[in-house]
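Novice: Handing you this structure, nothing more for now.
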Amino acid sequence: MSDDVVRSETARTPMIDLKLEAVVIPVSDVDRAKRFYGGLGWRLDADFPVGDTFRVVQFTPPGSPSSIHFGTGLTSAAPGSAQGLYLIVSDIEAARAQLVARGADASEAFHRAGPGQPAISGKDPEGRSYSSFASFKDPDGNGWLLQEITARLPGRVEAGDTTFTSLSELGSALRRAAAAHGEHEKRTGGQRDENWPDWYAEYMVAEQAGKPLPT
């Protein structure tokens, strides 16, 4: 069978889901790392020691479909060498405040005028998605970056898929929809929109899929 035929057959085959399950981060003191991530309120999923040479600890950040692993005998990477680990949030200030309250030395919020541009103090003044950040490190120096995303760019979410992984994420989406709907009612003469649930649903689906928002 020729390569062209193989590629043609492959193109017609539905893609198999490849879901990122866990990322290994290197730490020097497993128990210290366990206390740190547990203190952040992350869910402890597993702590499996096997003798003195192997141990795996798994934590999952709130609302995340993916987890982290650390322990003994998992990686030869230097402790603290994991950098740029992204945590996506719907409210950068609230997420940062919660981390600080739980003991993380999180930076102040900052934003960038565009990709690759220098950091500017404070949240993005226009509230643009993908533009506001904050950072923190674990005791070994592994670096985490919070990024505020409220509306995905086109093509970043499967068409028609709308999922919320926590009550806070859903609540934030509802508040954004409510604010936008208030502006919608002003434009339509200030009359109450009896079909507001449908408008909210349309707005929230479009926002998450990166499609044009209803006006």
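Novice: Counting other C-beta atoms within 10 Å, and keeping those with at most 12, which DSSP coil trypsin sites (Lys or Arg not before Pro) do you find in the range 170-215?
Specialist: Those satisfying the criteria are Arg192.
Novice: Continuing with this model, one more query. In 5 Å bins starting at 0, how do the alpha-carbon pair distances of the chain split up by percent?
Specialist: With 5 Å bins starting at 0, P(r) equals 1, 6, 11, 14, 14, 13, 12, 10, 8, 5, 3, 1, 1, 0, 0.
Novice: Figure the gain on full extension for Leu174 and Val23 (residue separation times 0.36 nm, minus the Cα-Cα span) and round it to one decimal in nm. Don't skip to the end; give the middle numbers.
Specialist: Working: separation 151, 0.36 × 151 = 54.36 nm, distance 3.10 nm.
The span from Leu174 to Val23 would gain 51.3 nm if fully extended.
Novice: Given H placed on each backbone N at 1.01 Å, which residues far from Val24 in sequence or on other chains put an amide H within less than 5 Å of it?
Specialist: Under 5 Å from the amide H of Val24: His69.
Novice: Once every DSSP H run of n ≥ 4 in the chain is given -39500 (n - 2.57) and the sum is divided by its residues, what mean residue ellipticity at 222 nm do you get, rounded to the nearest 500 deg cm²/dmol?
Specialist: The helix contribution divided over the chain gives -9500 deg cm²/dmol.
Novice: Taking the Cα atoms only, what angle lies between the long axis of helix 30-39 and the longest principal axis of the chain, rounded to 10 degrees?
Specialist: Between helix and principal axis, roughly 20 degrees.
Novice: May I pose another question? Just to be sure I understand the model, the point goes 7 Å from the Cα along the line to the Cβ. What's the resulting His181 to Arg152 distance in nm?
Specialist: 2.3 nm
Novice: How high is the relative contact order of the chain? Use alpha-carbon pairs under 8 Å, at least six apart in sequence, and give a whole percent.
Specialist: 16 percent
Novice: If I fit a long axis through the Cα atoms of helix 3-12 and take the longest principal axis of the Cα atoms of the chain, what angle between them do I get, 0 to 90°, rounded to 10?
Specialist: The helix 3-12 is inclined about 60 degrees to the chain.
Novice: Give me the percent of DSSP beta bridges within the chain that run antiparallel, rounded to the nearest 5. Please list the in-between numbers first.
Specialist: Numbers: 22 of 30 bridges.
Bridges in the chain are about 75 percent antiparallel.
Novice: Using just the alpha carbons, could you tell me how many Å³ per residue the convex hull of the range 167-209 encloses?
Specialist: About 64 Å³ per residue, rounded to a whole number.
Novice: Rounding to the nearest 10 and keeping the result within 0 to 90°, find how far the Cα-based axis of helix 92-101 lies from the longest principal axis of the chain.
Specialist: Approximately 40 degrees, to the nearest ten.
Novice: Quick check: convex hull over the Cα atoms of the range 23-106, volume per residue in Å³, rounded to an integer?
Specialist: Considering the Cα atoms of the range 23-106, their hull volume per residue is 94 Å³.
Novice: Could you state the principal axis extents of the C-alpha atoms in the range 85-202, from the largest down, to the nearest angstrom?
Specialist: Projected onto the principal axes, the Cα atoms of the range 85-202 cover 55, 31, 28 Å.
Novice: For the chain, please report how many Lys pairs fall under 26 Å Cα to Cα, leaving out neighbours fewer than 8 apart on the same chain.
Specialist: The result is 7.
Novice: Here's a follow-up. For Leu44 and Trp196, calculate 0.36 nm times their separation in residues minus their Cα-Cα distance, and state this gained length in nm to one decimal.
Specialist: 50.7 nm
Novice: Still on this model: Out of residues 5 or more away from Leu87 or on other chains, whose amide H comes under 5 Å of its own, with H placed 1.01 Å from N in the peptide plane?
Specialist: Under 5 Å from the amide H of Leu87 lie the amide H atoms of Leu145, Leu146, Gln147, each far enough along the sequence or on another chain.
Bear in mind these aren't lab numbers, they're just calculated from the coordinates by the rules spelled out. Small disclaimer: the values here were computed from a predicted structure and weren't measured. Every residue, glycine among them, receives a Cβ derived from its backbone with ideal geometry; neighbour counts consider all protein chains shown.
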